[in-house]
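The values are calculated or read from the model by the stated rules, or taken from the named source; none is laboratory data. Note that the coordinates shown come from a computational prediction; the quantities given were computed from them, not determined experimentally. Here the Cβ positions follow ideal geometry from the backbone for every residue, glycine too, while neighbour counts run over all protein chains shown.
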Amino acid sequence: MAFAIGQDGDEDEVVSAINTTPLVDVMLVLLIIFLITIPVVTHTVPVDLPKESNQPRQTKPENIELSVTKDGGVYWNEQRIGGNEQLVLRLKKIAVVAPQPEIHIRGDGAAPYEHVGRVILACQRAGIVKIGFITEPPPRG
């Protein structure tokens, strides 16, 4: 006497439904772990950070702008300088003035570094203390 419970011989039928109960249990455990650890991560050592703000450059009459073109030409406030020795002589006259003016170098983006380096070396030989570089900010967007 054999008893057949259920359907006839279809015991190996594949169940295509996913049991989501273990998945929900794991997600709830992970949620609880994250809720417990986030406050620990956000508490850090109290440090008083410096406040910084960008100020636009103030052009003062005593500041000197040296422009370097891509072919190596040097301009002193839009007036071309003949050579490196002339530049050093003019810078030496400026270096003794108190307070010493700042030198702002505007180097062409296509100029080799050698041309800008010569201007920096001339400033160093003349005894100039403050040298700055003028750049353009990148376009927004």
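Has region 124-134 got at least one residue that is in contact with a Cys (Cβ under 7 Å, 6 or more places away or on another chain), touching a residue at least 24 places away in the same chain (Cβ under 8 Å) and not in a loop (DSSP other than H, G, I, E, B)? Within region 124-134, one or more residues are in contact with a Cys (Cβ under 7 Å, 6 or more places away or on another chain), touching a residue at least 24 places away in the same chain (Cβ under 8 Å) and not in a loop (DSSP other than H, G, I, E, B).
Taking region 18-85 as the region of interest, the strands (runs of 3 or more DSSP E) fully inside it that hold 1 or more residues being of a type in the set (Phe, Trp, Tyr) and either out of contact with any Gly (no Cβ under 8 Å at 6 or more places or on another chain) or modelled with pLDDT under 85 (or both) are 74-76. Annotation: of all residues in region 63-116 being hydrophobic (A, V, I, L, M, F, W, C) and farther than 16 Å from residue 127 by Cβ, the one that is surrounded by the fewest Cβ atoms within 10 Å (Cβ to Cβ) is 110.
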